[in-house]
Amino acid sequence: MRNKRKFSILNTSIMSKKYTLIYIIPIFFVLQIAIYLSFNYLNTPLDLHDISTQVADLDIEQSFDNVDISFTNGTNQKTDSQERDFLWKKNYFSPWLKEVQDLLSTKKNIQNKNHEFSIETAKKINTFLHQNLYRENYRELTDKDRKEIQENTNFESLNSINQPAIIIHPTPIKAIPTDYTLFHNPQIAGEGYPFDTLQYHQLKPGQPIRISHNSKDGLWAYVLTNQNFAGWIPAEHLVVLDPMKCKKLYQSQWGVFQKDGIILKNKYGIPLCKSTVGMYLPVSKGKTIYFPTNKTNKKTSILQLIKVQISEQSSFLFEHPTWSIQKSKEILTPLLGKVYGWGTLYGERDCSGLIQDYASVFGIWLGRNSKSQSEYGNLSFDCSKMTTEEKLKLIKDHAIPFKTLLYRSGHIGIFVGFDKDKQPLMMHSVWGFKLKKNNNKGRYIIGKSIISRLDYGHSHPQVDKHEIFLNLMSKMTILNF
C-alpha cells in the first residue's frame, strides 16, 4: 500500500513536469524569436534613402477631379487688376528701376535700392567657400580649387559695370562662378543629391537682371535678379542694355506661358528653347511673340528681338488671366508628377519654384524661397503655437482652394481642397520626409510634385513624427490674385 502511494505521487510529479514542459518550450522559442527580431531591428541600419516602403497615406488619386472645394468658409478677396499689374511690373523690372524710374506714376513712385550690389553679400560667398563641400565623387573640394574659385570671383571689381541686362537663354544662377555641383556631407540624409549648395535658381529668357561685374576669366557674370538675390551666370547668357532699350521694353506689353515644354522656333523653324510656366516675353499688339537674342556688333553684343512661332497657341497668354479655380487646375494639372528639382536643378522645380511659377501666371511676382513667399500680401495667419486641431480649424474657416499657401520652415505647398474624410489636401513639390530609428536618420524619397494630406508620411513605420508637416506648419497665407 505504501509502495502504491509512492508510485502515485511519483506519477503525479512526472505528469506535472510533463505539462510544465509543454508550456515552457513554446514560450522559450517565442522569446528566442522575439530577441532575434528585436536584435536585428535595432542593429539593422536605417535606409539613407528609402524608396521601396509602401506608404498608405500617399495612396491618393493624383487628380483634382475628386477634391472637395466646397468644405471651406474662406472668403475670396479680389485684387484690383490695375494695381496687380502695376505691382507685377514694378517687381518684375526691379533690376532696371534706376533706368525706368521716371516712367513710374508720381503717385506710386517707389524708392527701391535693389539695383545696388552689396559687398556684404560678396563676403558671404567667400565665407561659403570655407565650408566642408563635396564633389559628385564624394571627395571634398580641394584647397587648390577653393583658391582658384575665390580669385575668379573678382569681387574687387564689384559694381564696375552696374548696368541693366536681360537673359537670352535658360540659365542656372549659382553661388560661385563654376560649373561644379557641390554638396554638404553626402553621407547624411538631406545633404547629398539633389541639394547642390551652389544652385540658387534657373533664370528664364526675357528675365530682367543687373550685372555688377565679370569674373576674372570673363566667362561668368555676377548679377542681381528680379527676385532680389545675386549670383553667377554664364556671361554669354545675357545681353547688356542701354537705358533707352530698358524703357522701351518696360513700356511694351508682355505675355506669359501657362504650360511647360512648348518649343519656341524662329521664322526659319529653328528651335530656340522650351517654354516653362511663368516665362514672360514681350509681345506686339498684333499678337506677335518676341524672343530676346544677341547680335554681335564688332566687339559688343546688342539685343535683338526676333519673332517666334509656337505650336500650341493656347499655351501663351497675352495678358494676365482672371484668377479662377478652373484656370488654376488648368495650370497645375500638367505639373502633377513632375520630378523634384532643388533650386530648379535641371529645369525641374522645388517647392517654392512650383509656387512661384504658378502665381506668376496671374501676375503675382513672389520671392524665390518659401519663407519670403509665406510673407507675401496682407492676409496671413501665424499658427506656430496652434495645436493640430486648431490648425485644421483655421484652414476650414479661412483657407481658399488654390489661393492659400501652407508653410513650415523650409517647405511650402498650396491648399487645393479636402479629401472624402474632410482632411485638407495640398499640392507641393517635395523631395521626401524624414525617417528616424534610434539615433539613425534617413529620408523616404517622394521626389516629385504631388497632392497629399498635411500629415503625409504619418503611416510609415519609421517616420519622424516630430517632423511631420502638419505638426510644424507655422503660417498660412492667402494670395490676393
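The values are calculated or read from the model by the stated rules, or taken from the named source; none is laboratory data. No experiment lies behind these values; they were computed from the predicted model shown. Cβ sites come from the backbone with ideal geometry, for glycine too, and all protein chains shown count toward neighbours.
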Of the conditions (1) buried (at least 17 other Cβ atoms within 10 Å of the Cβ); (2) more than 18 Å from S429 (Cβ to Cβ); (3) of a type in the set (S, T, N, Q), the single one that N378 does not satisfy is (1)
Only one of G432, G447 is of a type in the set (G, A, S), at pLDDT 95 or above and out of contact with any Lys or Arg (no Cβ under 6 Å at 6 or more places or on another chain), namely G447
Counted residues in the range 181-228 being of a type outside the set (G, A, S), surrounded by 17 or more Cβ atoms within 10 Å (Cβ to Cβ), at pLDDT below 95 and outside any strand (DSSP E or B) come to 9
Residue within the range 272-279 that is within 14 Å of I306 (Cα to Cα), part of a strand (DSSP E or B) and outside the structural domain of I355 (by TED's automatic domain parsing) present:
yes
With criteria (1) modelled with pLDDT of 95 or more; (2) over 22 Å from the mean Cα position of the chain (by Cα); (3) charged (D, E, K, R); (4) under 26 Å from W323 (Cβ atoms), K475 comes up short on (2)
Result of the Cβ filter at 6 Å on the range 279-302, keeping first residues that are buried (at least 18 other Cβ atoms within 10 Å of the Cβ) and partners that are at pLDDT below 90, at least 6 apart or interchain, is N294/S301
